[in-house]
Amino acid sequence: MAFGSLGLCDELLKTVAEQGYTKPSPIQAEAIPVVLSQRDVMAVAQTGTGKTAGFTLPMVQLLSGGSSPQALHVHALVITPTRELAAQVADSVQNYSRHMNIRSMAVFGGVRIEPQIAQLKAGVDVLIATPGRLIDLYNQQAINFDQLEILVLDEADRMLDLGFIDDILCIQKLLPNKRQTLMFSATFSTEIKSLANGMLNNPRLIEIPATNSTVDSVKQIIHPVDKTRKSEVLIHLIKKNKWHQVLVFSRTKKGADSLVLQLKDAGISADSIHANRTQHARTRTLEGFRNGNIAVLVATDIAARGIDVNQLPCVVNFDLPYLAEDYVHRIGRTGRAGTSGLAVSLFSEDESKQLQSIERLIGRQFEGDIIPGFAPSERIKADSTDDEEYGNFEADPKPQRRGQSQKRRSRGGNSSNRNRTPR
Ligand code: ADP
Ligand code: MG
């Protein structure tokens, strides 16, 4: 399958070639012709599979055939759950439409509304927006949707997770019924299905199975450690392996900030992004991380979702996520587009449940890789099979459910990882 066979115009074929894309990803190959046929689409594919180009390329092609937008009018609206994602999708739209006459802009909260109002006056082909700011702008009569032709909901699953359902339904009421609607999601839950039922008209369902292709190109390592020593372990790993661009996931904003302080104390350049930081600070931090001034970026799941720094060599789960799907999203930040990546998880005993649900989701079981000098002192609970295997607990020093014991039965696969730290 080549880009040339999808019905894209020459300008866009030129753009994808300039991007260095040699062939469409599976979601692009399926979605592009259907979007071009002006049908509604419900598309489900894992994070990192190229969904943005999957809707942007055909969307700008459809728009380029029409007239220029009139004052205040918007021809296509892309709604995203976070500011970072809005900014990123806007960059992609700008980039993919660079050989075409398409006006696009992003609007989101956390920055002054007046410049956005001023910029909207001329009208735009593609508006990328977060829900709250979009509603504000509409209420201030800065936007007119009468000529809206295309609505895209990007990361619809995340939108629901973040509680934007009412905003979305409110926005839907403001839009013309006769329009093309495209919904993109990494998961296809019951909630997504019912949202799709209410918003899409006879949609084509495109579901790219989670082949774990992202996951397969990522080397995953689990280090069992004491909860209280996680920062120390992370500092050790960063220094030992000379990691220079590592994305660290923290479950909480407070945890992220305190980790940043500890990293800085250890002489490592670090910063955080999460919802409590201003838009300006987040943009500056991301820029610093991209250009190498910040070696370690500590992020919460919500803030990190959609951060598109190409080919991150390494991500670290400082805490395991509550939702197993988030683990897949997190490690999807590394090893993209055919490069191999490394995902390191610091696992403490209290996270056994999370680890189990991750193992269930991705269909493999991990063996812990103990870092010399950082073996967990708490005993990580043995499962029942291990109980039998180890016989008398007291006689056998520290039986580990996931860990260092040489007696640990092999679950196949990555046992050679044991007692090795990642490069
Ligand atoms: P998603 O929205 O599915 O999470 P993105 O649209 O953010 O994924 O794309 C992920 C990465 O893949 C981006 O860095 C993008 O430049 C790259 N990419 C997209 N399409 C292709 C392609 N056809 N070939 C190679 N890389 C691609
Ligand atoms: Mg996306």
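Laboratory data are not the source of any read-out in this text; all were calculated from the coordinates shown. Everything quoted here is computed from the prediction, not taken from an experiment. Cβ coordinates were reconstructed from backbone atoms using ideal geometry, including for glycine residues, and neighbour counts include every protein chain displayed.
Listing for the model above:
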{"quantity": "Positive-end residue of L160, M105, T190, charge dipole of the range 99-201 with Cβ unit charges", "calculated": "M105"}
{"quantity": "Under Karplus coefficients 6.51, -1.76 and 1.60, residue-wise ³J(HN,Hα) of the range 140-146 in Hz, glycine/proline x", "calculated": "8, 6, 8, 10, 10, 9, 4"}
{"quantity": "Pairs from K227/K353; K23/K193; K230/K253; K254/K353 whose Cα-Cα separation, in the structure shown, is over 18 Å", "calculated": "K23/K193; K254/K353"}
{"quantity": "Potential lengthening between S352 and Q147 on full extension [0.36 nm per residue; Cα-Cα distance subtracted]", "calculated": "68.6 nm"}
{"quantity": "Protection proxy ranking of 324-332, 354-362 - average other beta-carbon atoms within 10 Å, highest first", "calculated": "324-332, 354-362"}
{"quantity": "Among 225-235, 54-64, the order from most to least packed when residues are scored by Cβ within 10 Å on average", "calculated": "54-64, 225-235"}
{"quantity": "Top positive-direction residue, dipole computed over the range 228-362 with Cβ charges, set Q245, T228, F347", "calculated": "Q245"}
{"quantity": "Dipole magnitude (debye, nearest 20) for the range 71-167, charges at Cβ of Lys, Arg, Asp, Glu", "calculated": "420"}
{"quantity": "Dipole in debye (nearest 20) - the range 212-274, about Cα centre, beta carbon charges: Lys, Arg +1; Asp, Glu -1", "calculated": "100"}
